[in-house]
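**Student:** The following block contains the structure, expressed as structure tokens.
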Amino acid sequence: MPSARLIRSVAILPAAALAAVAAGCGSSATSSGPTSASAATPAVVLAAASLTKVFPEIEPAAKYSFGGSGALQMQIESGAPADVFAAASPKQPDALYAKGLVGKPVQFASNRLVLVTPAANPAHITSVSDITRPGVKLVICNATVPCGDYARTAFTNLGITAAATKNVVSETTDVTQVLADVALGQADAGFVYITDADAAQGKVHVIALPAQAKPATKDFIAVVKASHNRAAAEAFIAKVLSSEGQAKLRADGFGSP
Amino acid sequence: MRRAAGRAALGVSAAVVCTLVLGFLILPIAALVTYQPVARLIEGFGTNIATEAMLVSLKTNAIAIAVILGLGTPFAFLLARLRFPGRSIVITLVELPLVTPPAVAGLGLLVAFGRMGLLGGTLGTLGIEVAFTQLAVIIALLFVAGPFYLRGAIAAYEALDEDLLDVAATLGAGPLRRMAIIATPLAAGGLGAAAAVAFARGIGEFGATILFAGSLRGSTQTLPLAVYSLFDVNLDQAIAIGVLLILISAVVLLASKLLIARWTSSKSISPSRGELSPSTPS
């Protein structure tokens with residue numbers, strides 16, 4: 001039986017695989033061991049993509065996951081192990097608050113929607129009315145994320161919904177993708193927050209929206225109810241609302257709450 | 001006695017391993033299929049967003065697979081038959097996209113074919129618009145799925161009996177004839193399997209497409225992109241489209257297996273070998 005040895009060695013493999021899995025679980029269990037609040041364990045923060053730059057400036061020690069506010073809401077609904085939720089709109093935190101999944105949302109900043117073009121501005125866009133010209137490649141967020149919601153509100157306020165929608169060539173799931181498409185010159189124009197435009201220094205050209213077009217953009221933050229690290233969550237929110245945190249937000253272009 | 005006990009233990013552990021592996025692979029699919037009542041699931045298959053994405057997916061994949069077969073087949077034949085210095089480097093280059101993360105592939109396509117990319121200006125002056133068009137989706141598919149076909153096709157041609165092709169050459173068949181009339185029918189099973197894998201990979205393609213082609217309903221939004229855009233809005237619908245994707249892939253893989261099984265049983269190599277045997281008067 002030449003295969004006896006082979007069989008024996010094959011039989012060892014599953015055992016080795018299980019041992020590897022067990023070892024993996026073991027190590028992760030020890031690292032996340034103390035689930036009760038302790039000052040040493042940093043808060044896990046799910047935050048809107050538009051906060052990617054400023055939040056780590058306010059609290060470098062926290063653990064972040066940035067994304068579209070809608071996707072983050074979905075993650076919290078499916079039980080993501082998070083302590084804090086920060087969104088670029090009251091909608092998502094309010095929906096979670098209504099379901100009892102987060103504490104009462106608090107506004108911590110406001111933002112401003114702007115039109116951006118690539119620095120070279122290939123489509124020669126000088127005002128928001130230019131985006132309705134045929135052939136302009138416009139990128140906006142999905143209607144389900146705040147930046148997409150705000151962009152559509154701006155269209156409505158300006159009465160250009162039909163013409164602008166016709167020029168939309170792509171819808172993204174968060175604001176940073178709009179900025180990337182414009183900064184790379186793939187798109188002719190896109191709607192992002194002034195704070196994102198500022199962060200892309202030099203790569204995009206910013207066009208302010210007329211006063212009547214501006215949707216009110218508000219950033220909200222809340223403690224996740226299922227958090228095992230409430231103290232850190234509350235400390236994080238306090239830091240964002242503190243004068244020091246607010247100064248950092250202001251420095252990055254955010255408005256007062 | 002002891003031997004019997006050992007055998008039984010082996011049988012039990014074999015059953016445990018099989019159950020573990022199969023269970024692990026099947027569970028997520030079963031969870032997706034049973035997530036909502038069947039009626040609702042089928043309703044989800046027929047929504048506008050699903051239908052539009054389905055049309056985009058089928059159209060772009062059909063074009064991509066046609067290009068992959070048309071250019072990839074002769075390329076694979078040449079690479080399988082020719083021996084030249086640096087051949088292994090060429091094969092590595094062909095296989096590189098297989099292990100390139102899709103997001104990296106998307107970035108590569110952006111900086112190569114994007115409006116500001118290496119070829120962007122050239123394409124622009126030729127009047128070829130790539131950004132956010134179905135052409136971009138097809139380019140992404142060619143890059144991501146194409147190598148799956150190439151690798152399988154090269155292996156299929158390499159597995160052929162060298163003598164057969166040499167004999168055909170001595171009988172006066174030119175290289176093109178040898179490829180079209182002898183090698184390709186004999187390798188058809190392997191080529192079919194490679195094409196099926198490439199198609200299934202293409203239907204599921206996501207990362208490179210969303211980065212390079214963007215996502216717009218009815219234009220560049222393929223089925224996987226529709227799943228991504230829906231998952232935070234309407235999980236039921238996103239899952240329905242996901243199940244649709246799994247069904248398509250399952251049908252493609254199963255159909256290719258059946259076809260190949262039929263092909264290899266009806267076109268066994270021995271009779272054609274007889275026809276081409278050197279004893280045939282030349």
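**Student:** Put a dot 7 Å past each Cα toward the Cβ at B:Val99 and A:Lys63; how far apart are the dots in nm?
**Tutor:** 3.0
**Student:** Right, next: Could you work out what % of the accessible surface of the protein assembly as shown is carbon and sulfur, using a 1.4 angstrom probe and leaving DNA, RNA and ligands out of the count?
**Tutor:** Working: 18070 of 26520 Å².
Of all accessible area on the protein assembly as shown, carbon and sulfur atoms account for 68 percent.
**Student:** Same structure, new question: All other residues with a Cβ under 15 Å from the Cβ of A:Pro93 taken together, and with Lys, Arg as +1 and Asp, Glu as -1, what is their net charge?
**Tutor:** Working: positive: A:Lys91, A:Lys99, A:Lys104, A:Lys218, A:Lys225; negative: A:Glu77, A:Asp83, A:Asp94, A:Asp149, A:Asp219, B:Asp232.
It works out to a net charge of -1.
**Student:** Right, next: Sort chain B into rounded, prolate or oblate with this rule: let a ≥ b ≥ c be the square roots of the eigenvalues of the Cα gyration tensor; rounded if a/c is under 1.5, and if a/c is not under 1.5, prolate when a/b is larger than b/c, oblate otherwise.
**Tutor:** Working: a/c = 2.08, a/b = 1.16, b/c = 1.79.
Oblate.
**Student:** Have a look at the DSSP beta bridges in chain A and tell me what percent are antiparallel, nearest 5. Intermediate results must be reported in sequence, preceding the final value.
**Tutor:** Details: 20 of 34 bridges.
Within chain A, antiparallel bridges account for around 60 percent of the total.
**Student:** Mean residue ellipticity at 222 nm from the helices of chain B, using -39,500 (n - 2.57) per DSSP H segment of n ≥ 4 over the full residue count, to the nearest 500 deg cm²/dmol? Walk me through the numbers before you get to the answer.
**Tutor:** Numbers: 13 runs with 213 residues, N = 282.
So the helix-based figure for chain B works out to -25000 deg cm²/dmol.
**Student:** Right, here's the next one. Heavy atoms only, probe 1.4 angstrom, no DNA, RNA or ligands counted: give me A:Asp188, A:Asp94 ranked by accessible area, highest first.
**Tutor:** Values: A:Asp188 10, A:Asp94 75 Å².
Ranked from most to least accessible, the order is A:Asp94, A:Asp188.
**Student:** For chain A, modelled as a Gaussian network with Cα springs under 10 Å, which listed residue fluctuates most, A:Arg152, A:Arg112, A:Arg133?
**Tutor:** A:Arg133
**Student:** Could you calculate the FRET efficiency of B:Arg177 with A:Gln201 from 1/(1 + (r/R0)^6), where r is the beta carbon distance between them and R0 is 45 Å, rounded to 0.05? Walk me through the intermediate numbers first.
**Tutor:** Working: r = 62 Å, r/R0 = 1.38.
Result of the calculation: an efficiency of 0.15.
**Student:** Continuing with the same structure: Using only protein heavy atoms and a 1.4 angstrom probe, determine the accessible area buried between B and A, summed over both sides, in Å² to the nearest 100. Can you show the working numbers first?
**Tutor:** On the way: alone 16160 and 12360 Å², together 26520 Å².
Rounded to the nearest hundred, the buried surface is 2000 Å².
**Student:** Rounded, prolate or oblate, given the Cα gyration tensor of the range A:113-213, with a/c below 1.5 counting as rounded? Could the numbers behind the result be given before it?
**Tutor:** Numbers: a/c = 1.32, a/b = 1.16, b/c = 1.14.
Rounded, because the longest to shortest axis ratio a/c is under 1.5.
**Student:** Sticking with this one: Counting only C-alpha contacts under 8 Å and six or more residues apart, can you give the relative contact order of chain B as a whole percent? Intermediate results must be reported in sequence, preceding the final value.
**Tutor:** Numbers: 298 pairs, mean separation 77.5, N = 282.
Relative contact order for chain B comes out at 27 percent.
**Student:** Roughly what would the spin-label model give for A:Lys104 and A:Ala80, points 7 Å off Cα along C-beta, in nm?
**Tutor:** Computed distance between label sites A:Lys104 and A:Ala80 equals 2.6 nm.
**Student:** Hey, can you list the residues from the range B:101-125 whose accessible area shrinks by 20 Å² or more with all protein chains present, relative to the chain by itself (probe 1.4 Å, no ligands or nucleic acids)?
**Tutor:** Output list: B:Leu110, B:Arg115, B:Met116.
**Student:** Which shape class, rounded, prolate or oblate, goes with the protein assembly as shown when its Cα gyration tensor gives a ≥ b ≥ c as root eigenvalues, a/c under 1.5 marks rounded, and past that a/b bigger than b/c marks prolate?
**Tutor:** On the way: a/c = 2.46, a/b = 1.46, b/c = 1.69.
In terms of gyration-tensor shape, oblate.
**Student:** Find how many whole Å separate the alpha carbon centroid of the range A:178-207 from the alpha carbon centroid of the range B:60-91.
**Tutor:** Computed from Cα coordinates, the inter-centre distance equals 40 Å.
**Student:** On to the next question. What distance in nm separates the two pseudo spin-label positions at B:Thr122 and B:Leu78, each 7 Å out from Cα along the beta-carbon direction?
**Tutor:** 1.8
**Student:** Let me ask something else about it. Quick check for you: with a 1.4 Å probe and neighbouring chains kept, what is the accessible area per residue of the protein assembly as shown, in Å²? Each step should come with its number before you reach the end.
**Tutor:** Details: 26520 Å² over 539 residues.
So the protein assembly as shown comes to 49 Å² accessible per residue, rounded to a whole number.
**Student:** Stretched out fully, how many nm does the piece from B:Thr19 to B:Asp236 gain, at 0.36 nm a residue minus the Cα gap?
**Tutor:** On the way: separation 217, 0.36 × 217 = 78.12 nm, distance 2.89 nm.
Gain on extension, B:Thr19 to B:Asp236, equals 75.2 nm.
**Student:** Something else: Say we join alpha carbon atoms closer than 10 Å with springs in a Gaussian network model of chain A; which of A:Pro93, A:Pro81, A:Pro134 then has the biggest fluctuation?
**Tutor:** Comparing A:Pro93, A:Pro81, A:Pro134 in a Gaussian network model of chain A, the most mobile one is A:Pro134.
**Student:** A further question follows. Near A:Pro42, within a Cβ-to-Cβ distance under 11 Å, what is the net charge of the other residues, with Lys and Arg +1 and Asp and Glu -1? Let's see the in-between values first.
**Tutor:** Numbers: positive: A:Lys63; negative: A:Glu59, A:Asp83.
With Lys, Arg at +1 and Asp, Glu at -1, the net is -1.
**Student:** Helices from chain A with mean Kyte-Doolittle at least -0.5 and a Cα length along the axis of 24 Å or more, per DSSP H: which? Walk me through the numbers before you get to the answer.
**Tutor:** Numbers: long enough: A:3-31 (43 Å, 1.14).
What comes out of the filter, once short or polar helices are dropped, is A:3-31.
**Student:** Moving on to the next point. GNM, chain B, Cα, under 10 Å: largest mean-square fluctuation among B:Ala194, B:Ala159, B:Ala140?
**Tutor:** Per the Cα network of chain B with a 10 Å cutoff, B:Ala159 tops the list.
**Student:** While we're on this one: Provide the FRET efficiency to the nearest 0.05 for the A:Ala247-B:Glu43 pair, computing r from the beta carbons and using R0 = 56 Å.
**Tutor:** Given R0 = 56 Å and the Cβ-Cβ separation, E is 0.60.
**Student:** While we're here: State the antiparallel share, in %, of DSSP beta bridges confined to the protein assembly as shown, rounding to the nearest 5. Provide the component values of the computation, followed by the final result.
**Tutor:** Numbers: 20 of 34 bridges.
So the antiparallel bridges amount to about 60 percent of the total.
**Student:** When all protein chains stay in place, what accessible area (Å², nearest 10, 1.4 Å probe) is found for B:Met179?
**Tutor:** Per-residue accessible area (B:Met179): approximately 30 Å².
**Student:** Roughly how many debye, to the nearest 20, is the charge dipole of the protein assembly as shown about its Cα centre, given +1 on each Lys and Arg Cβ, -1 on each Asp and Glu Cβ, and no other charges? Present the calculation step by step, with values, prior to reporting the outcome.
**Tutor:** Working: 38 positive and 30 negative charges, 228 e Å.
The dipole of the protein assembly as shown has a size of about 1100 debye.
**Student:** Picking from B:Met54, B:Leu78, B:Leu235, whose Cα lies most toward the positive end of the charge dipole for chain B (charges on Cβ: Lys, Arg +1; Asp, Glu -1)?
**Tutor:** B:Leu78
**Student:** Moving to a separate point now. Comparing the chain by itself with all protein chains present, which residues of the range B:222-240 are at least 40 Å² less accessible (probe 1.4 Å)?
**Tutor:** Flagged in the range B:222-240: B:Tyr228, B:Phe231, B:Asp232.
**Student:** Ordered by packing density, taken as the mean number of other Cβ atoms within 10 Å over each peptide's residues, highest first, how do A:201-213, B:6-18 rank?
**Tutor:** Details: A:201-213: 14.3, B:6-18: 11.5.
Ranking the peptides A:201-213, B:6-18 by packing returns A:201-213, B:6-18.
**Student:** Which residues of the range A:166-187 bury at least 50 Å² of accessible area once all protein chains are present, versus their chain alone (1.4 Å probe)?
**Tutor:** A:Val169, A:Thr173, A:Leu184, A:Gln186
**Student:** For chain B, return all DSSP H helices satisfying: extent of Cα atoms along own axis at least 15 Å; mean Kyte-Doolittle hydropathy at least 0.0. Provide the component values of the computation, followed by the final result.
**Tutor:** Working: long enough: B:2-33 (45 Å, 1.71); B:48-81 (48 Å, 1.33); B:87-99 (19 Å, 1.68); B:102-113 (16 Å, 2.13); B:134-158 (34 Å, 1.48); B:184-204 (29 Å, 1.18); B:235-266 (46 Å, 1.68).
Long hydrophobic helices here: B:2-33, B:48-81, B:87-99, B:102-113, B:134-158, B:184-204, B:235-266.
The values are calculated or read from the model by the stated rules, or taken from the named source; none is laboratory data. Remember, predicted model here, so these are calculated numbers, not experimental data. All Cβ positions, glycine included, derive from the backbone under ideal geometry; neighbour counts span all protein chains shown. Quick note on the areas: whole protein, heavy atoms, side chains included, nothing else; ligands and nucleic acids left out. Shrake-Rupley method; radii C 1.70, N 1.55, O 1.52, S 1.80 Å.
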